[in-house]
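Reading through the structure tokens given below for one structure.
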Amino acid sequence: MSEHVMSSKMYYGIWITLMVLTVVTAAVSFIDLGPFNTIVALSIATFKAILVVLFFMHVKYASEKLTKLVIASALFFLVLLLSLSMIDYLTRYLA
Amino acid sequence: MSNSAVQTESHESHGPELLHHFVSAEQQRNTVSLAMWLFLATEVMFFGGMFCAYLIYRTWYYAEFAAGSRSLNIWLGTVNTVVLIGSSLTVALGVRAAQMGKRKLLVVLLLLTLVLGLTFLGVKAIEWHDKYVEHHIPGASFSVADLVREYPQLHIDQRHAQIFFSLYFAMTGMHALHMVIGVGLFLYLTYHAWKGTYGPKYYTPIELGGLYWHFVDIIWIYLFPLLYLIDRKPLK
Amino acid sequence: MATAAVSAERENYLNKEYGIRSWLLTTDHKRIALLYLVSITFFFFIGGFMALLIRLELLTPAGDLVLADTYNKLFTMHGQIMVFFFLIPSIPATLGNFLIPMMIGAKDLALPRINLLSWYLYIAGGALMLYAMVEGGVDTGWTFYTPLSTAFSNTHVVEAGLAIFIAGFSSILTGLNFVVTVHRMRAPGLTWSRLPLFVWAHYATSVIQLLGTPVIAITLVLVVLERTLHLGIFDPNLGGDPLLFQHLFWFYSHPAVYIMILPAMGVVSEVLACFSRKRIFGYGAVALSSIGIAVIGFIVWAHHMFVAGISLYSALVFSILTYLVGVPSAIKVFNWTATLYKGSISFATPMLYALGFIGLFTIGGLTGLFLASLGLDVHVTDTYFVIAHFHYIMVGGAVMGYMAGLHFWWPKITGRMYPEWWGRLAALIVFIGFNLTFFPQFILGYMGMPRRYWQYPPEFQILNVMSTAGSTILAVGYLLPMVYFMWSLRYGKVVGDNPWGAAGLEWKTSSPPPTFNFDETPEVTWEAYNYDQIPVPKEAWLEQ
């Protein structure tokens, strides 16, 4: 856990980045990028989430490996749930 | 990894906040922090069940998801995203204020967080009310006749649209429930911050409350594009 | 080590405080374990009573004891109570709760108040479940399959669903507490490679509880919302997919089997080592196979849905993955067997149950591989073959492990010994009764008798009579320990701190242990199961 006090400047910097990205993702959704609309929207969301986890939740500067392991396992099992279910749904009506 | 916790048996460091079975404040802090992260991992899977349903039905019924998404108010959605990210900033600054022992600043930041959190819930209530007026709430009076008229080129199936709105209400509802719990949590933290419970030596509850709040924010960061931004491009 | 005379006088967790308040507001992990022990025993006998009624109905081919509707409710609530209110909490919440802090040299679990909260959540869920039962019960099968549960059943699905939702959080909090405790509270010198296998098994169990349980929680919430607010997520009338419910349900409920069996495997490792007087063969492999079972257990769930209409391609994937889970399970069985080799074996009661576990678990596990194969599964899906298979795992495996553990640690928990002769007799009765109950069901299922019917063609009667007869024997086998455990509280022989001559930190403190477990925090300088350094006690209960 954090003993490390981060400068408020950095917090404001992250905040502004998150704000800009929110506006960008909303604006980009009106432009036709074909299948890339979804990819862009989810990439921006993931980038925002990473910023929040690393800086607001102090995972970058003030956490041990164990915290990262907990996050990684949660995501790993989430991916298992989504991907193994999708194997069924994507192939159910083939053949 | 092998941070074998118990070093000595000395209890002189036991302040009022240190529970009997811990040896040091540091051990206690590391312990509850890990517990919070594990709890957040369970929350990932809790929302994960709904994300799984969303992924499947969005693949199957894309047209209805696109139309349903268009019927959501993107302005209110964006404003709410901004509000929630703002509240994450005030929480992060609040933890910093606690670390530096600035009591007044901490209280102000926590109050700001509460205001922003309640604003989010207020905006959400307005959006839900709009859906009620439009008959978009699943149930007996559900109808998407308006969307069928507005987007003839999408060939909307009323039944599939009801699945979209079921997921919309389940996901935003569960998120809002977490926000309500968060507001309750922060009321408690604000009261204690005002009483001066927290300072550079003891600010664990603020840190943990913050982790929870940021997590709920991250869920929304995903809900926003998944629900509001499915398909906004000009229709041919 | 203190002698028996000293430990009888000294203050311990049982005689430190008296009165109902000191129990209901306790944060002592040992007292909470006993609260759990009493509560799950209560639910075990309710579930067991329902099982006996089911078996009694099946004594004759005609549906003559209960109505068809009542029968549906009986097997539904037998399953729900046994799975969610007995098996899931059984070993972790009682023995795990009691022993893990002691095994790692800690004063308590990391989060004692959360531990108490977990028990209250269990009680709240259990009370709601009992309410659903007395109001008229549930008839969906323990699996809550949609659309029966969402659209057609007019029984108390909402109450039962919420009851299991609440009990689920109790389970999550227990698992969370164990993970945090194992990471943060270990005594100096107790590295991961020195942890008892019981702790490893519980760590793996806790990971499943943490990551699996939330998924069934949200799934049950969605079922409840579909019933009450007419949300339509699984509704086939709207184009929703009932199979999605099954995917989400089994994402938890398959790993849940490992929540039941892994702690039992932990018990068996402790007991086998002690009564063979040997270090567990392949310690590292047994420890890591627990983690392996936990992880692979998460990626096999759709084998419950092979004939439900999932895609053939995904069925193929899940079939192969299911075979994989046999690998870590077999690693354990082979290593246990190798532990016995050239061991100095004594057949005390815990050892009888542990040996029973290995045999019955092997049968249960191997018949699981039958069910993993796509072709054979078509033949035996939803027959008594499946019933027999999972009872071999859950009753023959998990409950045998639970009984082994209860007997093994009973002198630690109470400071008194149960009557060894009666113990061995009961173990024998359980083993005979169990096999007589469930082995005929393999044959019944293979011959085509479907599960969940209260009538059957007359040609199945002989095997059903055997099964029903076995169930009454099994009931006697479970009632006996209940009686002699209670008897021993008062009349059992007072024993020393380590009557088995067992390794492990929990045996280095007094019996019953003091509130904070150890007078001084132990420092561990030895490997687990150092039986070569521990003399064999010359005690009556170890005689052949």
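The values are calculated or read from the model by the stated rules, or taken from the named source; none is laboratory data. Here the structure is a predicted model, which means the values were calculated and not measured. In this analysis, Cβ positions are derived from the backbone assuming ideal geometry, glycine residues included, and neighbour counts consider all displayed protein chains.
All but one of (1) of a type outside the set (Lys, Arg); (2) surrounded by fewer than 21 Cβ atoms within 10 Å (Cβ to Cβ); (3) under 23 Å from the mean Cα position of the chain (by Cα) hold for C:Tyr384, so report the exception by its number.
(2)
Considering each of A:Met6, A:Met19 in turn, give the residue that is part of a loop (DSSP other than H, G, I, E, B), surrounded by 15 or more Cβ atoms within 10 Å (Cβ to Cβ) and facing chain B (nearest Cβ under 7 Å).
Values: A:Met19 fails: part of a loop (DSSP other than H, G, I, E, B).
Among A:Met6, A:Met19, only A:Met6 is part of a loop (DSSP other than H, G, I, E, B), surrounded by 15 or more Cβ atoms within 10 Å (Cβ to Cβ) and facing chain B (nearest Cβ under 7 Å).
Say whether the condition of being outside any helix (DSSP H, G or I) and either of a type outside the set (Gly, Ala, Ser) or within 20 Å of the chain's Cα centre (by Cα) (or both) is met by at least one residue in the range C:69-76.
no
Taking the range C:127-181 as the search range and keeping residues that are of a type in the set (Ser, Thr, Tyr) and part of a helix (DSSP H, G or I), which one is nearest to the other protein chains (Cβ to nearest Cβ)?
C:Thr181
Tell me which residues, restricted to the range C:250-267, are within 12 Å of chain A (Cβ to nearest Cβ) and surrounded by fewer than 24 Cβ atoms within 10 Å (Cβ to Cβ).
Result: C:Trp250, C:His254.
Mind telling me which of the residues A:Thr67, A:Thr25 ends up being hydroxyl-bearing (Ser, Thr, Tyr) and closer than 22 Å to B:Leu76 by Cα?
A:Thr25
With respect to the numbered conditions (1) closer than 30 Å to C:Tyr529 by Cα; (2) crowded, with 17+ Cβ neighbours inside 10 Å, which one is the sole condition not fulfilled by C:Thr337?
(2)
For the range C:269-285, give me each residue that is surrounded by fewer than 24 Cβ atoms within 10 Å (Cβ to Cβ), in a helix (DSSP H, G or I) and touching a residue at least 60 places away in the same chain (Cβ under 8 Å).
Hits for the range C:269-285 are C:Ser276, C:Tyr283, C:Gly284.
Go through (1) of a type in the set (Gly, Ala, Ser); (2) within 18 Å of the chain's Cα centre (by Cα); (3) farther than 30 Å from C:Tyr478 by Cα one by one and return the number of the condition C:Ser311 breaks.
The one condition C:Ser311 does not meet is (2).
Can you tell which of A:Tyr11, A:Tyr61 is more than 19 Å from B:Ile74 (Cα to Cα) and either within 9 Å of another protein chain (Cβ to nearest Cβ) or in a helix (DSSP H, G or I) (or both)?
A:Tyr11
Restrict the check to the range C:102-112 and report whether at least one residue is surrounded by fewer than 23 Cβ atoms within 10 Å (Cβ to Cβ), more than 19 Å from C:Met265 (Cα to Cα) and free of Cβ contacts under 8 Å to residues at least 60 places away in the same chain.
Within the range C:102-112, not a single residue is surrounded by fewer than 23 Cβ atoms within 10 Å (Cβ to Cβ), more than 19 Å from C:Met265 (Cα to Cα) and free of Cβ contacts under 8 Å to residues at least 60 places away in the same chain.
Kindly provide the set of residues from the range A:64-95 that are within 8 Å of another protein chain (Cβ to nearest Cβ), closer than 18 Å to C:Gln246 by Cβ and assigned to a helix (DSSP H, G or I), ordered by number.
A:Leu80, A:Leu81, A:Leu82, A:Leu84, A:Ser85, A:Met86, A:Ile87, A:Asp88, A:Tyr89, A:Leu90, A:Thr91 - these are the residues of the range A:64-95 that are within 8 Å of another protein chain (Cβ to nearest Cβ), closer than 18 Å to C:Gln246 by Cβ and assigned to a helix (DSSP H, G or I).
Looking at (1) surrounded by fewer than 19 Cβ atoms within 10 Å (Cβ to Cβ); (2) closer than 29 Å to A:Lys48 by Cα; (3) more than 10 Å from chain A (Cβ to nearest Cβ), can you tell me which one B:Leu235 breaks?
(3)
Checking B:Val23 against (1) touching a residue at least 40 places away in the same chain (Cβ under 8 Å); (2) over 23 Å from the mean Cα position of the chain (by Cα); (3) more than 9 Å from chain A (Cβ to nearest Cβ), only one condition comes out false. Which one?
The number of the failed condition is (1).
Pairs please, first residue from the range C:302-315 and touching a residue at least 40 places away in the same chain (Cβ under 8 Å) and facing another protein chain (nearest Cβ under 7 Å), second anywhere and of a type in the set (A, V, I, L, M, F, W, C) and outside any loop (DSSP other than H, G, I, E, B), Cβ atoms under 8 Å, 6+ apart in sequence or on different chains.
Between residues of the range C:302-315 that are touching a residue at least 40 places away in the same chain (Cβ under 8 Å) and facing another protein chain (nearest Cβ under 7 Å) and residues that are of a type in the set (A, V, I, L, M, F, W, C) and outside any loop (DSSP other than H, G, I, E, B), the close pairs are C:Ala302/A:Leu84; C:Ala302/C:Trp250; C:Ala302/C:Ala315; C:Ala302/C:Phe318; C:Ile310/C:Leu243; C:Ile310/C:Ala302.
Could you say whether any residue in the range C:81-89 is in a helix (DSSP H, G or I) and surrounded by fewer than 23 Cβ atoms within 10 Å (Cβ to Cβ)? Lay out the reasoning, then the answer.
The initial filter retains those residues of the range C:81-89 that are in a helix (DSSP H, G or I), namely C:81-87.
Okay, now just the ones that are also surrounded by fewer than 23 Cβ atoms within 10 Å (Cβ to Cβ), so C:83.
Within the range C:81-89 (the criterion being in a helix (DSSP H, G or I) and surrounded by fewer than 23 Cβ atoms within 10 Å (Cβ to Cβ)), the answer is yes, since at least one residue qualifies.
How about the range C:51-80: which of its residues are surrounded by 20 or more Cβ atoms within 10 Å (Cβ to Cβ) and among the aliphatic types (A, V, I, L, M)?
C:Ala51, C:Leu58, C:Leu74, C:Met77
Is there a residue in the range C:174-193 that is of a type in the set (A, V, I, L, M, F, W, C), in contact (Cβ under 8 Å) with a residue 12 or more places away in the chain and more than 30 Å from C:Glu523 (Cα to Cα)?
no
Give the residue, chosen from C:Pro236, C:Pro196, that is buried (at least 24 other Cβ atoms within 10 Å of the Cβ) and either farther than 21 Å from C:Ile280 by Cβ or more than 7 Å from chain B (Cβ to nearest Cβ) (or both).
Step by step, each of C:Pro236, C:Pro196 is checked, and only C:Pro196 is buried (at least 24 other Cβ atoms within 10 Å of the Cβ) and either farther than 21 Å from C:Ile280 by Cβ or more than 7 Å from chain B (Cβ to nearest Cβ) (or both).
When the residues of the range B:140-177 are filtered to those that are closer than 30 Å to B:Ile218 by Cα and at the interface with chain C (Cβ under 8 Å from one of its Cβ atoms), which remaining residue is farthest from the chain's Cα centre (by Cα)?
Looking at the filtered set, the residue picked out is B:His160.
Here is a yes/no grid of residues against (1) crowded, with 22+ Cβ neighbours inside 10 Å; (2) more than 8 Å from chain A (Cβ to nearest Cβ); (3) touching a Lys or Arg at 6+ places or on another chain (Cβ under 9 Å); (4) at pLDDT below 95:
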position	(1), (2), (3), (4)
B:Cys52	yes, no, no, no
B:Leu55	no, no, no, no
B:Arg70	no, yes, yes, no
B:Asn73	no, yes, no, no
B:Val82	no, no, no, no
B:Ser88	yes, no, no, no
B:Gly101	no, yes, yes, yes
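Checking B:Leu105 against (1) of a type outside the set (S, T, N, Q); (2) over 17 Å from A:Phe56 (Cα atoms); (3) without any contact (Cβ under 8 Å) to a residue 60 or more places away in the chain; (4) buried (at least 17 other Cβ atoms within 10 Å of the Cβ): exactly one of these is not met. Which one?
Every listed condition holds for B:Leu105 apart from (4).
Residues being more than 23 Å from B:Lys233 (Cα to Cα), surrounded by fewer than 23 Cβ atoms within 10 Å (Cβ to Cβ) and either of a type in the set (S, T, N, Q) or touching a Lys or Arg at 6+ places or on another chain (Cβ under 8 Å) (or both): count how many of those fall in the range B:130-168. Working first, answer last.
To start, the set of residues in the range B:130-168 that are more than 23 Å from B:Lys233 (Cα to Cα) comprises B:132-133, B:135, B:137-143, B:159, B:166.
Still in the running and surrounded by fewer than 23 Cβ atoms within 10 Å (Cβ to Cβ): B:132-133, B:135, B:137, B:139-143, B:159.
Now restrict to residues that are either of a type in the set (S, T, N, Q) or touching a Lys or Arg at 6+ places or on another chain (Cβ under 8 Å) (or both): B:137, B:141, B:143.
So the answer is 3.
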